[in-house]
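Undergrad: Mind looking over this structure? Questions follow.
The values are calculated or read from the model by the stated rules, or taken from the named source; none is laboratory data. Nothing here was measured: the structure is a model prediction, and the numbers come from that model. Cβ: placed from backbone, ideal geometry, glycine included. Neighbour counts: every protein chain shown. Keep in mind that these areas ignore ligands, DNA and RNA; they rest on the heavy atoms of the full protein, side chains included. Shrake-Rupley method; radii C 1.70, N 1.55, O 1.52, S 1.80 Å.
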Amino acid sequence: MTTRAVVVGCGHYLPTRVVENAEFEATLDTDDQWIRSRSGIERRHFASEGETTSTMATAAAKAALEDAGLQPDDVDAIVLATSTADFTFPSAATMVQDQLGMTQGYAFDVQAVCAGFVFALSNANALIASGQAKRVLVIGSETFSKIMDWTDRSTCVLFGDGAGALLLEAQDGNGDASDRGILATDLNSDGRHRELLYVDGGVSTGTTGYLRMQGNQVFRHAVAKLAATATTAMERAGVTASDVDWIVPHQANIRIIQGTAKKLDLPMENVVVTVQDHGNTSAASIPLALSVGRARGQIKPNDLIVTEAIGGGLAWGAVVLRW
Ligand code: UT7
């Protein structure tokens, strides 16, 4: 028998403030047509005053708990993927623990930028597989609007805020690809590419800083690395592309999503796409897409799902799971 980390609940939270592409035309030399055609983004949500990474994460976590019919104290651990924690420390995860009223267990952040949710899922899977936790809330939450340089048209039109959460539970499986839960993971990073995507602030500068990105350089890495990591994870899971019901990719750019699907030999009908409505929400994008995909009726129990993401570091990876 194999212990599997099975999804028993999911939920998401999006700030109420929606900003359409056209709104940027008033302050920047840009237009809706450029943003749509280069990225696939049409609108994004931005956090309002008082909304933070931890408050959005808590809202998504509550939705996942309610979906599972469980209480905060039924959970052993919170793993929160974010690069925009409310403070340098404590972790946003411990703030969520407090906001949920959870008085036991443990909580910590995982920081792998846009690949953060894949890294968090893999870590949560390891906690469950090793018996260190029976139920883990895995959350992705970001307020990238707080690290945008609003004068830089090449970045500020691309990102958005939001949060998504999965509740994973230890369940017995047979040890083959028919099991529900996480079947395989693949994680990678290459710190030589730090300059392609980074924030120019932090404890070494005494500022929060702004996101800086050489978008076309990141793009060049993205499709090849995403297809490779997804293929590795599928091989480890003992499945092939023809077994896959849904690719749920990081939602950075529709052209990257399409290019990766093509390389994996999967039609766009098998891809959950939310980039048009959310923009790039970094570590929140995959759990948001999973939750929205389920709400749309796309993702159903027993579906085989491949998630893949790449971002600052560079860091990238994939997770294969059966819903
Ligand atoms: O999630 C983490 C990982 N990040 C990503 O995956 C992002 C990957 N990169 C991308 O999505 C794309 O590279 C972008 C959407 C960022 C940019 O698309 P691109 O086709 O690679 O365009 P580019 O950066 O090569 O820029 C083309 C032109 C430039 O003008 P010139 O030099 O050709 O005259 C830019 O200055 O578009 C210009 N440009 C804009 N024009 C209007 C850049 N931003 C804008 C803008 N509006 N907002």
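Undergrad: Tell me, what HN-Hα J-couplings in whole Hz come from the Karplus equation 6.51 cos²θ - 1.76 cosθ + 1.60 at θ = phi - 60° for each residue of the range 264-270, using x for Gly and Pro?
TA: Working through the residues one at a time gives 7, 6, 10, x, 5, 4, 9 Hz.
Undergrad: Taking 0.36 nm per intervening residue step and subtracting the Cα-Cα distance, what contour gain separates VAL19 from SER37 on full extension?
TA: 4.7 nm
Undergrad: Work through the residues other than PRO267 whose Cβ is under 15 Å from its Cβ and net out their charges, Lys, Arg +1 and Asp, Glu -1.
TA: -2
Undergrad: Between LYS263 and GLN104, 0.36 nm times their residue separation minus their Cα-Cα distance comes to what?
TA: Result: 52.8 nm gained on full extension.
Undergrad: Further, regarding this structure: Enumerate the residues in the range 154-181 having an amide nitrogen under 19 Å from the point lying 7 Å beyond the Cα of THR30 toward its Cβ.
TA: Answer for this model: 154-162.
Undergrad: Let me ask something else. Need the full-extension length gain, SER154 to THR208, defined as separation in residues times 0.36 nm minus the C-alpha distance. One decimal, nm.
TA: In short, 17.5 nm is gained.
Undergrad: Considering the options VAL7, ALA60, SER141, tell which one lies farthest towards the positive end of the dipole of the range 2-173, charges being +1 on Lys and Arg and -1 on Asp and Glu at the Cβ, about the Cα centre.
TA: Positive-most Cα among the choices belongs to VAL7.
Undergrad: Leaving ligands, DNA and RNA out of it, report the carbon-plus-sulfur percent of the accessible area of the chain at a 1.4 Å probe.
TA: Carbon plus sulfur share of accessible area: 48 percent.
Undergrad: Where only protein heavy atoms count, and the probe is 1.4 Å, what is the accessible area per residue for the range 75-156 in Å²?
TA: 38
Undergrad: Something else about it: Using a simple charge model, +1 on the beta-carbon of Lys and Arg, -1 on the beta-carbon of Asp and Glu, nothing else, what dipole does the chain show about its Cα centre, in debye to the nearest 20?
TA: 580
Undergrad: Accessible area per residue for the range 181-322 in Å², computed with a 1.4 Å probe and the full protein assembly in place, what is it?
TA: Solvent-accessible surface per residue comes out at 40 Å².
Undergrad: Amide H to amide H under 5 Å from ALA112: which residues, 5+ apart in sequence or cross-chain, H placed 1.01 Å off N in plane?
TA: Sorted by chain and number, the residues that satisfy this are THR82.
Undergrad: Distance from a point 7 Å along Cα→Cβ of ARG192 to each backbone N in the range 301-323: keep the residues under 20 Å and list them by number.
TA: 310-317
Undergrad: Ok, one more. Could you tell me which of the pairs LYS62/LYS146; LYS134/LYS300; LYS62/LYS225 are separated by over 26 angstrom between their Cα atoms in the structure shown?
TA: Over 26 Å Cα-Cα: LYS62/LYS225.
Undergrad: Highest mean first, what order results for 84-91, 131-138 on Cβ atoms within 10 Å?
TA: Per-residue mean Cβ counts within 10 Å order the peptides as 131-138, 84-91.
Undergrad: Report the accessible area of THR231, computed with a 1.4 Å probe over the heavy atoms of all protein chains in place, in Å² rounded to the nearest 10.
TA: Approximately 50 Å² for this residue.
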